[in-house]
Structure formats: C-alpha cells, structure tokens
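The values are calculated or read from the model by the stated rules, or taken from the named source; none is laboratory data. Being a predicted model, the structure only gives us computed values, none of them experimental. Note that we place each Cβ from the backbone using ideal geometry, even for glycine, and neighbour counts take in every protein chain shown. These area figures cover heavy atoms from the full protein model, side chains too; ligands, DNA and RNA do not enter into them. Shrake-Rupley method; radii C 1.70, N 1.55, O 1.52, S 1.80 Å.
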Amino acid sequence: MTGLSTYVVAHKLPTNPVCPPVKQKLRKFKPDMSLKVKEEVTKQIKAKVLRVVEYPTWLANIVPVTKKDVKVRVCVDYRYLNRASPKDDFSLPNIHILIDNCTKHELQSFVDCFVGYHQI
C-alpha cells in the first residue's frame, strides 16, 4: 500500500529453508490473450499494485482467467510458494461470520484491488 512507511508496516513471508526456491517455466499464451494480459499487468503496475523486480528467487507464472463479461482477470500461480510456507495456527474464521458481525455498524468499507482478491 502506498503511503505507509516500512518502519510501521512490513510484510515478510517465512518459508521453510528445506524447500528450495522454485522458478516456474515461462508459459506462452495466444497472441490475443497475451495482449489482454499485458494490458492488465500494465494497469496494475501503474496503480502500484505490482512492481517489476529483477532476479527474483521465487518466480510464479501469470494465469489469465476469462470472466463472463469477456474481460481477463490476471491471477498468479502460488502453489509452490504455498507448499514452502508454514501453515497458520490461527487461520481466519469463516467470512460469513465476519460479515454478520459488521451488520450492527452504520458504515462498512471493503477493499478489492480492481475487483479481485490478492491472496498468498
């Protein structure tokens, strides 16, 4: 998130040192799908949701998913990274319980980056 100092907030993802970093092989797309993916990635880079890095230790492929309205949603294949991450002892409760607990409030705020979910 832009505007937050790394002295206040920093995200680190612990990984199991036994699991070696995985760089997935590059996937190739059809030319028309490749253009749609490029548009979506450029849009997310301009919005500072994504950033370009060189020499990553982990590399996950982009997976384009066509929605009902013919738009393309860009997802990332995090299967190998998820396998190397420790399981959370305190997982999130069911989302319907969280929504029900918000009903007594006058205002609610939801954040969805480009109508999508960013999960690791």
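Applying a threshold of 18 Å to the alpha-carbon distances of Lys25/Lys87; Lys38/Lys67; Lys12/Lys38; Lys38/Lys71; Lys23/Lys67 flags Lys25/Lys87; Lys12/Lys38; Lys23/Lys67 as lying beyond it. The phi torsions of the range 56-67, fed into the Karplus equation with coefficients 6.51, -1.76 and 1.60 and a -60° offset, translate into couplings of x, 7, 10, 9, 10, 6, 7, 10, x, 10, 7, 8 Hz, rounded to whole numbers, with Gly and Pro shown as x.
Per residue, the accessible area of the range 45-86 comes to 81 Å², computed with a 1.4 Å probe over protein heavy atoms only.
For Cys19, the solvent-accessible surface computed with a 1.4 Å probe is close to 50 Å², ligands and nucleic acids excluded. Each Lys or Arg adds one and each Asp or Glu subtracts one; over the other residues with Cβ under 14 Å from the Cβ of Ala60, this totals +4. First measure r as the distance between the Cβ atoms of Asp32 and Lys68, then evaluate 1/(1 + (r/R0)^6) with R0 = 25 Å and state the FRET efficiency to the nearest 0.05. That gives a FRET efficiency of 0.90. Once the Cα-Cα distance is subtracted from the 0.36 nm per residue extended length, the Lys12 to Lys43 segment shows a gain of 8.7 nm. Placing R0 at 25 angstrom, the Cβ-Cβ distance between Ser5 and Asn94 gives a FRET efficiency of 0.15 after rounding to 0.05. In this structure the amide hydrogen of Val63, modeled in the peptide plane, comes within under 5 Å of the amide hydrogens of Cys75, Val76, Asp77, none closer than 5 places in sequence on its chain.
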